[in-house]
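Participant: Structure below; questions to follow.
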Amino acid sequence: MTEQDPRALLLRYLRQRLELGVREWVFERVDAATLIEVLRSGFAPAPDPFDALRAEALVCTRCGLCETRTQVVFGEGDRRARLMVVGEAPGSEEDRTGRPFVGAAGKLLDTLLLSVGFRREEVYICNVLKCRPPGNRDPRPEETRTCAPYLRRQIELIGPRAIVALGRFAAQTLLEAEASLSRLRGIEHRYEGVPVIVTYHPAALLRNPLWTRAAWEDLQRVRRIYDDVGGRPPRGAAEEAALG
Ligand code: URA
């Protein structure tokens with residue numbers, strides 16, 4: 001509480017009045033706005049930083065995509081997830097529903113995750129860009145620059161033990177790299193010390209089903225890293241084991 005904090009001012013005011021023997025509180029020197037501020041700061045719990053970030057993103061106007069989006073697609077899943085999955089940008093279904101990876105590519109992503117033991121709800125799924133580029137065009141550098149802080153903060157707050165980058169754009173953005181997807185795949189990278197595995201974007205797999213096996217191998221590597229760094233046993237895997 002600083003000297004200028006409304007609570008400090010109110011406390012000083014009340015103490016002075018008490019010293020003067022005035023026990024009755026007279027409002028004349030405290031305006032309503034100050035009093036509201038005092039009551040708010042005294043009783044409102046500090047906002048959860050993740051909720052605060054989400055609230056900020058949901059009304060973001062930092063780039064021109066705010067004019068064409070239907071809604072911001074912040075991300076979804078377990079906020080304490082040990083595994084984060086990062087895609088490129090919302091498509092039309094995501095823009096309509098406000099949820100990441102819910103279209104055809106999303107269904108394939110769910111299947112791939114489950115094939116290595118992860119249920120969708122136990123990981124955290126988001127994109128580099130939180131708003132849909134019109135007509136699904138490629139993200140522009142200035143859009144990536146202005147949106148990247150949201151992803152950076154999401155990663156900081158969630159604190160995953162491993163990250164999967166889906167496709168070239170997500171990989172290059174996360175790793176600040178310019179190499180092609182084929183060069184980035186197959187190697188374990190680091191983002192702020194967190195292992196990052198790069199794989200094909202599920203939309204690319206829908207166009208090129210023959211790459212699916214390689215993507216599955218990438219995800220198996222993710223699962224091995226996840227197990228090595230002591231991630232909680234994924235629930236999808238536990239269910240599979242229980243079914244025998
Ligand atoms: N493609 C992406 O990169 N992200 C989505 O959320 C959907 C499709």
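The values are calculated or read from the model by the stated rules, or taken from the named source; none is laboratory data. All of these numbers come straight from a predicted model, not from anything done at the bench. Because the Cβ atoms are built from the backbone with ideal geometry, glycine has one as well, and the counts that use them run over all protein chains shown.
Participant: List the strands (runs of 3 or more DSSP E) inside the range 156-244, counting only whole elements, that have at least 2 residues being in contact with a strand residue (DSSP E or B) (Cβ under 6 Å, 6 or more places away or on another chain) and among the aliphatic types (A, V, I, L, M). It would help to see each step written out before you state the result.
Facilitator: Values: elements: 162-166, 189-191, 194-199.
Qualifying strands (runs of 3 or more DSSP E): 162-166, 194-199.
Participant: Continuing with the same structure: Determine which single condition ARG96 fails, assuming it passes every other condition in (1) crowded, with 17+ Cβ neighbours inside 10 Å; (2) under 20 Å from ALA55 (Cα atoms).
Facilitator: Against the list (1) crowded, with 17+ Cβ neighbours inside 10 Å; (2) under 20 Å from ALA55 (Cα atoms), ARG96 comes up short only on (1).
Participant: Checking ASN136 against (1) on the phi > 0 side of the Ramachandran plot; (2) modelled with pLDDT of 95 or more, which single condition isn't satisfied?
Facilitator: (2)
Participant: I need every pair where a residue in the range 134-148 that is of a type in the set (Val, Ile, Thr) has its Cβ under 8 Å from the Cβ of a residue that is at pLDDT 95 or above, sequence separation at least 6 or different chains.
Facilitator: Cβ pairs passing all conditions: THR144/VAL128; THR144/LEU129; THR144/THR173; THR146/ARG62; THR146/CYS63.
Participant: While we're on this one: Kindly establish whether VAL123 is surrounded by 21 or more Cβ atoms within 10 Å (Cβ to Cβ), under 19 Å from GLN220 (Cα atoms) and within 16 Å of the ligand (Cβ to nearest atom). Break it down stepwise before answering.
Facilitator: On the way: surrounded by 21 or more Cβ atoms within 10 Å (Cβ to Cβ): yes; under 19 Å from GLN220 (Cα atoms): yes; within 16 Å of the ligand (Cβ to nearest atom): yes.
Taking the combined requirement at face value, the residue satisfies it.
Matching residues to (1) within 13 Å of the ligand (Cβ to nearest atom); (2) within 23 Å of GLU143 (Cα to Cα); (3) within 23 Å of the chain's Cα centre (by Cα):
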{"position": "GLU156", "(1), (2), (3)": "no, yes, yes"}
{"position": "PRO160", "(1), (2), (3)": "no, no, yes"}
{"position": "ILE163", "(1), (2), (3)": "no, yes, yes"}
{"position": "GLN172", "(1), (2), (3)": "no, yes, yes"}
{"position": "ALA179", "(1), (2), (3)": "no, yes, no"}
{"position": "GLY193", "(1), (2), (3)": "no, no, yes"}
{"position": "VAL196", "(1), (2), (3)": "no, yes, yes"}
{"position": "LEU205", "(1), (2), (3)": "yes, no, no"}
{"position": "TRP211", "(1), (2), (3)": "no, no, no"}
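Participant: Of everything in the range 151-166, what is small (Gly, Ala, Ser) and crowded, with 22+ Cβ neighbours inside 10 Å? Give them in sequence order. So that I can check it myself, show each step before the final result.
Facilitator: Residues of the range 151-166 that are small (Gly, Ala, Ser), as a first pass: 159, 162, 165.
Within the range 151-166, ALA162, ALA165 meet the criteria.
Participant: Kindly establish whether GLY117 is without any contact (Cβ under 8 Å) to a residue 12 or more places away in the chain and away from the ligand (no atom under 13 Å from the Cβ).
Facilitator: Details: without any contact (Cβ under 8 Å) to a residue 12 or more places away in the chain: no; away from the ligand (no atom under 13 Å from the Cβ): yes.
No; evaluated as a whole, the condition is false for this residue.
Participant: Run ALA89 past the list (1) within 7 Å of the ligand (Cβ to nearest atom); (2) more than 24 Å from GLU156 (Cα to Cα) and report the number of the one that doesn't hold.
Facilitator: With (1) within 7 Å of the ligand (Cβ to nearest atom); (2) more than 24 Å from GLU156 (Cα to Cα) applied to ALA89, the lone miss is (2).
Participant: Identify all residues within the range 194-215 that are crowded, with 17+ Cβ neighbours inside 10 Å, in contact (Cβ under 8 Å) with a residue 60 or more places away in the chain and among the hydrophobic types (A, V, I, L, M, F, W, C); write none if there are none.
Facilitator: ALA203, LEU205, ALA215
Participant: A follow-up question, please. Taking the options GLY186, GLY230, name whichever one is more than 22 Å from the chain's Cα centre (by Cα) and in contact (Cβ under 8 Å) with a residue 12 or more places away in the chain. Break it down stepwise before answering.
Facilitator: Values: GLY230 fails: more than 22 Å from the chain's Cα centre (by Cα).
Only one candidate passes the filter, namely GLY186.
Participant: Still on this structure, I have one more. I'm trying to understand the selection: among the residues of the range 126-154, which are within 16 Å of the ligand (Cβ to nearest atom), in a helix (DSSP H, G or I) and of a type in the set (S, T, N, Q)? Steps first, answer last, please.
Facilitator: Step one: filter the range 126-154 for residues within 16 Å of the ligand (Cβ to nearest atom), giving 126-140, 143-144, 147-148, 150-151, 154.
Still in the running and in a helix (DSSP H, G or I): 134-136, 143-144, 147-148, 150-151, 154.
ASN136, THR144, GLN154 - these are the residues of the range 126-154 that are within 16 Å of the ligand (Cβ to nearest atom), in a helix (DSSP H, G or I) and of a type in the set (S, T, N, Q).
Participant: Give just the number: which of (1) within 21 Å of GLU67 (Cβ to Cβ); (2) within 11 Å of the ligand (Cβ to nearest atom); (3) not in a loop (DSSP other than H, G, I, E, B) does LEU108 not satisfy?
Facilitator: Going through the list (1) within 21 Å of GLU67 (Cβ to Cβ); (2) within 11 Å of the ligand (Cβ to nearest atom); (3) not in a loop (DSSP other than H, G, I, E, B), LEU108 breaks only (1).
Participant: Next question. Only one of ALA81, ALA52, ALA57 is assigned to a helix (DSSP H, G or I) and surrounded by 14 or more Cβ atoms within 10 Å (Cβ to Cβ); which? Before you say what the answer is, go through the steps one by one.
Facilitator: Numbers: ALA81 fails: assigned to a helix (DSSP H, G or I); ALA52 fails: surrounded by 14 or more Cβ atoms within 10 Å (Cβ to Cβ).
The conditions single out ALA57.
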